[in-house]
There are 4 protein chains.
Amino acid sequence: MGTIFESFLGSAACDTHFSASGFVGAMLKFEAALAQAQAQRGEISQDAALAITRVCEQALEQGWIDAQEIAKASSTSGSVAIPMVAGLKDILAQRHPSAAPFAHRGATSQDVIDTALVLGIKEVVQLVMQDVRLCVASLRSHATAHLDTPVLARTLMQPASVTSVGMKCAQWLLPLERSLASLDQIAPNAWVLQLAGAVGTRAQLGPQADQIVALMAKQLGLGIASGWHTQRDHLGRLAAELALVSAALAKIGGDVLLMSQFEIGEVAEPHEPGRGTSSAMPHKQNPVASIAAQAAHLQVAGIMSTLSLAMVHPLERAAGQWQAELVAWPRLLAAVHASSSAMAGMLPGLVIKRERMAENIAALANQVDDQTARDWFDPQLAQVAGHEAAKMLAMGNT
Amino acid sequence: MGTIFESFLGSAACDTHFSASGFVGAMLKFEAALAQAQAQRGEISQDAALAITRVCEQALEQGWIDAQEIAKASSTSGSVAIPMVAGLKDILAQRHPSAAPFAHRGATSQDVIDTALVLGIKEVVQLVMQDVRLCVASLRSHATAHLDTPVLARTLMQPASVTSVGMKCAQWLLPLERSLASLDQIAPNAWVLQLAGAVGTRAQLGPQADQIVALMAKQLGLGIASGWHTQRDHLGRLAAELALVSAALAKIGGDVLLMSQFEIGEVAEPHEPGRGTSSAMPHKQNPVASIAAQAAHLQVAGIMSTLSLAMVHPLERAAGQWQAELVAWPRLLAAVHASSSAMAGMLPGLVIKRERMAENIAALANQVDDQTARDWFDPQLAQVAGHEAAKMLAMGNT
Amino acid sequence: MGTIFESFLGSAACDTHFSASGFVGAMLKFEAALAQAQAQRGEISQDAALAITRVCEQALEQGWIDAQEIAKASSTSGSVAIPMVAGLKDILAQRHPSAAPFAHRGATSQDVIDTALVLGIKEVVQLVMQDVRLCVASLRSHATAHLDTPVLARTLMQPASVTSVGMKCAQWLLPLERSLASLDQIAPNAWVLQLAGAVGTRAQLGPQADQIVALMAKQLGLGIASGWHTQRDHLGRLAAELALVSAALAKIGGDVLLMSQFEIGEVAEPHEPGRGTSSAMPHKQNPVASIAAQAAHLQVAGIMSTLSLAMVHPLERAAGQWQAELVAWPRLLAAVHASSSAMAGMLPGLVIKRERMAENIAALANQVDDQTARDWFDPQLAQVAGHEAAKMLAMGNT
Amino acid sequence: MGTIFESFLGSAACDTHFSASGFVGAMLKFEAALAQAQAQRGEISQDAALAITRVCEQALEQGWIDAQEIAKASSTSGSVAIPMVAGLKDILAQRHPSAAPFAHRGATSQDVIDTALVLGIKEVVQLVMQDVRLCVASLRSHATAHLDTPVLARTLMQPASVTSVGMKCAQWLLPLERSLASLDQIAPNAWVLQLAGAVGTRAQLGPQADQIVALMAKQLGLGIASGWHTQRDHLGRLAAELALVSAALAKIGGDVLLMSQFEIGEVAEPHEPGRGTSSAMPHKQNPVASIAAQAAHLQVAGIMSTLSLAMVHPLERAAGQWQAELVAWPRLLAAVHASSSAMAGMLPGLVIKRERMAENIAALANQVDDQTARDWFDPQLAQVAGHEAAKMLAMGNT
């Protein structure tokens, strides 16, 4: 579960997939799939594959492999796969000695780890996408309900003119819709098997490497790719798109924070028991989802810097960069998922205060000269905004 | 031209488009296109449009507008568009007084600046793409010529086995090919006109806003979009792809640095007069293109962090974030273009030292036991690598 | 323990202090110290203080408070202190009802959390400093033993001339010594109590606030300060110094990686069972400590970007920035501690290969003309380097 | 002058010192000081030193050296010092042939460039410190004038209780005062001569290296240090402190932005002709100084990430990292100086609206129950805050 602060800015799904037991479990799935594929192509015996599969399936449950011990051992070996493979071979040597030499055959640490990484990424990204779809749906619903509800538009933090709630919602949701479309397209390129052997040439995998890759990929629910040990662009592109999701959510959260200030009071996060109370001040109601989206994006921005550099893998395997990437990915996923789930939980209940919006416009119009009031603070301007927003929403993510 | 260091890590094209005169020129093109489109739709008179266009075309050349003065004035107004528009109206008031009220009609500062920004980005990104195509072509050529030339594969900075030069080239070039394909697809989404009026609703543009947008976009060679003042995802996606290009080039440059170490000596940057000499040591030959790619990517990583946060624009226009984005974009472009042009200049002449590669393999095989030598350091392993690389190259960017 | 990768790039001490139970424990220490100080100054009764102290001391052990539940509850309350205070008051209400109203009196969430944060930071930074002292000591020892041992100096990754191992060690260790001196000076400024009340004015703490602060600070082993809810510079300065430590260690690790390449072979990480082996290649010996230092610093660089922004706390308490800071700090500490402990474990046993260094110089001298060989690659140059290094080492961190 | 956006977010002083001509001028000062010091110690003749000095002093003015050409040449040589030294020797060869061999004697590119870098840094940092002193003075003055003026304290963007303007000012200024004290102490450690010769051993500088260093340092107004080619911590510490200054200014600017929102209206940036007007909306008054501080800090955060990594210089001279550091430093200085000068220009005239502050408190007190109003929104609470602020201000930066 990480540090205590990762409860506020974390993801239970991330914890599951990237905990010692979750990740060792995913690595064992890789080893089982590899053995099965090799048996299917006649590279190893069916008996060996069966033995390996059984051990992989039961190792954690039966306590044959202690995931925490593997995690600890990684600090001297420099890799979580090395103690896992050693552990697997030890158990096989005890229980199915003839199968032991056939485990992890032709594969390398990075094959196992990258594949397990991708399996975890896929699970969490799908949850993020689900959240984002919820956000989009509730924003579209707010937009329809308030298409031409007048509200102050503020530029450089100062009231500038009148827009509509529908237009605000359109500006909020269109980037999310585009990110969904982009994720649909690019994420599968990253959700691919890694199987390239010791130095990325597949030399230890034999002439049937392509067939083994195809079988394993199918078994694991991943796509097929040639070896990509040092080609991190698909992962980098996915990370960048997740950062765009985080930015779009932070924009919404930031606007909610500003618009729900007491003196402005145009929106509010939904009131729920225990949500956003204060330890000292009974009158406080804090916008916690919006705060989470801000805090998440501050992490994401730093992680993008780390990942940009960590994706440069020297020679045939990186000495530091890859390891940094592995640490950074679950943090990226946790931040983005924390943000998406907080916002997906909040946006459907977002309170939109039409009267307060109208009062704020009127208060401002009172303070400027008549001409300015007519030109810039006429609530009728919301009709134009609503009309434009309707067009934007109809075009959708194009 | 920026600081003296931006000659090594900069881009003349960037200097041209984002200098005071280049950028003011682009803003004036926006104003001319706006006036022409509005005249074509009968919103303003043809005479006014003609007068505005003439002034916009001649203002810099004739010295009516001093780009440096506009740059300076931006520090009090907080925007380069405000003094530009003021200057334009002043000249019109002097030379074509009846046209003056019709300049910049319905538009806002951000419309002008975002459009001029996009125009500059488009120019520089096209140059980067041209460089990347050159890099890809020369790497494909090296890959073909050395498809199965044996060379040590090194993981975690230690020799691990034998691969082939063709495989190294394939690993280098495939991410660049994918980035080219991605840029072809996503860059046009960012190369779009910005015209949304004071608060992004197009309220000041009248009922023919869509037609005006279409005419202007065509005139300026940009795509059509609804207003995107606070929707920065298309720009963010483009920035991220440029960062992937930079990372891919840094990977190549980093490998060239490592492989051209004296004791390894497997490749060398091309020898050219003045290239990489030393002020103190006559025997030195420094790999300057590779160094530029490293230095560029270190900038890019930091800029990605800035841009990730700066793309979160509060309310209807950002108070700080947008301005930070404007500063960061030319720096991103300059770094990526510096890297791409250095690498495009170097890669065609990259010296590949086949004999030295063979010697290094032999030297290593001599140091390990016979079994290890046969299993891991047999030059024949390069054949398998070459075969795999050929498949990877044939599949291309898929 | 966080994700599985945080075993390689983590810190058990960090896990201890920033886990749910570790951090709740530290928060309870704050509450106990507050009650005791308030009783000592007559603000609350001794009985109440005794009851509060007993509950705080036993709450976790007795299972009255479930730290995991508090962590979970923080995701709706937006703060780990709020459910902790609620839990504490509930237990008191059950066990010592008359004391319940006197717990957390005058304090606010941020007081508790910032103080507990600082307590954890102090523990981990002291461990880092201990590691760094070990690094410095072993580098000084290597420097003495090899003060004028000749070794190639390489600039821009190419051999440039001859220096000495002593000089290399001096360049490595001096920044670490300066960081130790700087930490001695600045860290105590960050290790201070936070007690400022709801909005940082100490209004709820009564006229004896200064005395209560002094008593609490003494009890908790922290320094005294006025409220610093939004003044994050002492923490920022400490973070920056830790980043310098990380950079200095990454420099050493990076040089070790380069110098221990097979073809160069001038140094090696110590050989120990299980250290740096490969899952596929029996001949491999990977420099895991140096890799850890690289991977750590890549995290640190991104975290510095997050912390730079997260230290800007709007108004009287940040809505997102503070929460981001809380997430980022344990990650910074874990990375720096992972790096320092890896390097402190490795450097004493660093293998320095004097003969190989001499061979590399000779091999190079053979390849250049006689004049260059005499001017630049005479092993005698190491004497000058050693002499200069001795002066540098004698001056120490000044 | 860099890109047009660097007028808003730049520094004329930075332009001066880091432009091609400014930086070449500083490098020529280094060469003159080196020759003079060497002559004074009898290492070269007084005639040679005189000839070198004259050429260095007049080269730019007389057009003997074209700084722009040197900048351009650096893109092939990879260093701005190499073409400068070549140019200097060419002119000497023409005008004082006997002196030519004695220019740049014993020095290396990095000596010249690092020294010129430090000379520029020193100039700009001194200007920043001057600005910060102005900010502190005007904030202290506002604090005194409004020590216990009641104003709402807002936590998590929601009103929480009452504080005082004096307390707000204290929170704003104390970090700046501490940064000034820190800069006084640490900046001189970075403002030191670099003179270490080709590989940092001073081998080419002869037995009087220390004396030459002392003479040169005095001449150039810099401190004395042993060679620090790869020891970047003093620069890194200075960069980090500048980032703290930027953060402290961004905090103030951010609060001003929030408090000067129309609906809150408690402060305003001073009204001056041309300041913060809008191209479209005559009623707008934009807080440009505060915006500049935000935009600057967003740059700074990314640059800190770049600098953290770029300060890790492999072996005896970095291949990419150093070059990245050179590009990043002027950008850091420009951002921080832009922020400090904007804020120093704004803060003395900051409009503090006491009545509006009182109205906001009253409006809130009206909305909560009587008990809450008495406990949390009694304007008398400002007295306690003012008293506490007075103590904080009296203790100053301790």
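Laid out as a table, the results:
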{"read-out": "In the range B:78-113, the residues that are among the β-branched types (Val, Ile, Thr) and in contact with a helix residue (DSSP H, G or I) (Cβ under 7 Å, 6 or more places away or on another chain)", "value": "B:Val80, B:Ile82, B:Ile91, B:Val112, B:Ile113"}
{"read-out": "Failed criterion for C:Ala217 (all others in (1) outside any helix (DSSP H, G or I); (2) in contact with a strand residue (DSSP E or B) (Cβ under 9 Å, 6 or more places away or on another chain) hold)", "value": "(1)"}
{"read-out": "Looking only at the range C:224-252, and only at residues there that are of a type in the set (Gly, Ala, Ser) and assigned to a helix (DSSP H, G or I), the one that is surrounded by the fewest Cβ atoms within 10 Å (Cβ to Cβ)", "value": "C:Ala240"}
{"read-out": "Scan of the range D:57-98 for residues that are of a type in the set (Val, Ile, Thr) and more than 16 Å from D:Phe23 (Cβ to Cβ), ordered by number", "value": "D:Thr76, D:Ile91"}
{"read-out": "Residue list for the range C:43-75, filter: within 14 Å of chain A (Cβ to nearest Cβ) and in a loop (DSSP other than H, G, I, E, B)", "value": "C:Leu60, C:Ile65, C:Asp66"}
{"read-out": "Scan of the range A:3-41 for residues that are in contact (Cβ under 8 Å) with a residue 60 or more places away in the chain and of a type in the set (Gly, Ala, Ser), ordered by number", "value": "A:Gly10, A:Ser11, A:Ala13, A:Gly22, A:Ala26, A:Ala33, A:Ala35, A:Ala37"}
{"read-out": "Residue within the range B:128-143 that is crowded, with 24+ Cβ neighbours inside 10 Å and not in a helix (DSSP H, G or I) present", "value": "no"}
{"read-out": "Hey, B:Ser11 farther than 30 Å from B:Gln294 by Cα, in contact with a Ser or Thr (Cβ under 8 Å, 6 or more places away or on another chain) and buried (at least 22 other Cβ atoms within 10 Å of the Cβ) or not", "value": "no"}
{"read-out": "Output for the range A:78-98, where each listed residue is surrounded by fewer than 23 Cβ atoms within 10 Å (Cβ to Cβ) and either in a loop (DSSP other than H, G, I, E, B) or hydroxyl-bearing (Ser, Thr, Tyr) (or both)", "value": "A:His96, A:Pro97, A:Ser98"}
{"read-out": "Any chance A:Leu173 is surrounded by fewer than 24 Cβ atoms within 10 Å (Cβ to Cβ), in a helix (DSSP H, G or I) and within 28 Å of the chain's Cα centre (by Cα)", "value": "no"}
{"read-out": "Selection from the range A:77-110 of residues that are at the interface with chain C (Cβ under 9 Å from one of its Cβ atoms) and more than 30 Å from the chain's Cα centre (by Cα)", "value": "A:Ala86, A:Gly106"}
{"read-out": "Residue match in the range C:330-348 (condition: among the charged types (D, E, K, R), assigned to a helix (DSSP H, G or I) and closer than 17 Å to C:Ala243 by Cβ)", "value": "yes"}
{"read-out": "Subset of the range B:1-42 [more than 11 Å from every other protein chain (Cβ to nearest Cβ) and not in a helix (DSSP H, G or I)]", "value": "B:Arg41, B:Gly42"}
{"read-out": "In the range B:42-63, the residues that are surrounded by fewer than 16 Cβ atoms within 10 Å (Cβ to Cβ) and touching a helix residue (DSSP H, G or I) at 6+ places or on another chain (Cβ under 6 Å)", "value": "B:Gln46"}
{"read-out": "Within the range B:203-219, considering residues that are in contact with a helix residue (DSSP H, G or I) (Cβ under 6 Å, 6 or more places away or on another chain), surrounded by 22 or more Cβ atoms within 10 Å (Cβ to Cβ) and touching a residue at least 60 places away in the same chain (Cβ under 8 Å), the one nearest to B:Ala137 (Cα to Cα)", "value": "B:Met216"}
{"read-out": "Meets criteria (touching a residue at least 12 places away in the same chain (Cβ under 8 Å), out of contact with any Pro (no Cβ under 7 Å at 6 or more places or on another chain) and either within 16 Å of C:Val256 (Cβ to Cβ) or facing chain B (nearest Cβ under 10 Å) (or both)) for C:Ala365", "value": "no"}
{"read-out": "Residue within the range B:279-287 that is in a loop (DSSP other than H, G, I, E, B), farther than 30 Å from B:Ile186 by Cβ, under 27 Å from the mean Cα position of the chain (by Cα) and at pLDDT below 95 present", "value": "yes"}
{"read-out": "Residue match in the range C:185-203 (condition: in contact with a Gly (Cβ under 7 Å, 6 or more places away or on another chain), under 30 Å from B:Phe262 (Cα atoms) and part of a helix (DSSP H, G or I))", "value": "no"}
{"read-out": "Among the candidates A:Trp228, A:Trp191, residue that is within 14 Å of chain B (Cβ to nearest Cβ) and within 28 Å of the chain's Cα centre (by Cα)", "value": "A:Trp228"}
{"read-out": "Residue among B:Val125, B:Val136, B:Val151 that alone is of a type in the set (Val, Ile, Thr) and away from chain A (no Cβ under 14 Å)", "value": "B:Val125"}
{"read-out": "Enumeration of residues in the range B:292-323 that are at the interface with chain D (Cβ under 7 Å from one of its Cβ atoms) and either touching a residue at least 12 places away in the same chain (Cβ under 8 Å) or surrounded by fewer than 24 Cβ atoms within 10 Å (Cβ to Cβ) (or both)", "value": "B:Gln294, B:Ala295, B:Gln299, B:Ala301, B:Ile303, B:Thr306, B:Leu309, B:Ala310, B:Gln321, B:Gln323"}
{"read-out": "Verdict on D:Ser161 being among the polar types (S, T, N, Q), surrounded by fewer than 22 Cβ atoms within 10 Å (Cβ to Cβ) and modelled with pLDDT of 95 or more", "value": "no"}
{"read-out": "Test for A:Glu355: is it facing another protein chain (nearest Cβ under 10 Å) and charged (D, E, K, R)", "value": "no"}
{"read-out": "Single residue of A:Leu180, A:Leu242, A:Leu238, A:Leu215 found to be out of contact with any Asp or Glu (no Cβ under 8 Å at 6 or more places or on another chain) and farther than 30 Å from A:Met27 by Cβ", "value": "A:Leu180"}
{"read-out": "Leading residue by the ranking (surrounded by the most Cβ atoms within 10 Å (Cβ to Cβ)) among those in the range B:364-382 that are in a helix (DSSP H, G or I) and among the acidic types (Asp, Glu)", "value": "B:Asp375"}
{"read-out": "Flag if B:Gly200 is on the phi > 0 side of the Ramachandran plot and not polar (S, T, N, Q)", "value": "yes"}
{"read-out": "Those residues of the range A:162-184 which are farther than 30 Å from A:Pro379 by Cβ and more than 9 Å from chain B (Cβ to nearest Cβ), in sequence order", "value": "A:Leu180, A:Ala181, A:Leu183, A:Asp184"}
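The values are calculated or read from the model by the stated rules, or taken from the named source; none is laboratory data. A quick note: this is a predicted structure, and the numbers were derived from the prediction, not measured. As a convention, Cβ positions derive from the backbone with ideal geometry for all residues, glycine included, and neighbour counts pool all protein chains shown.
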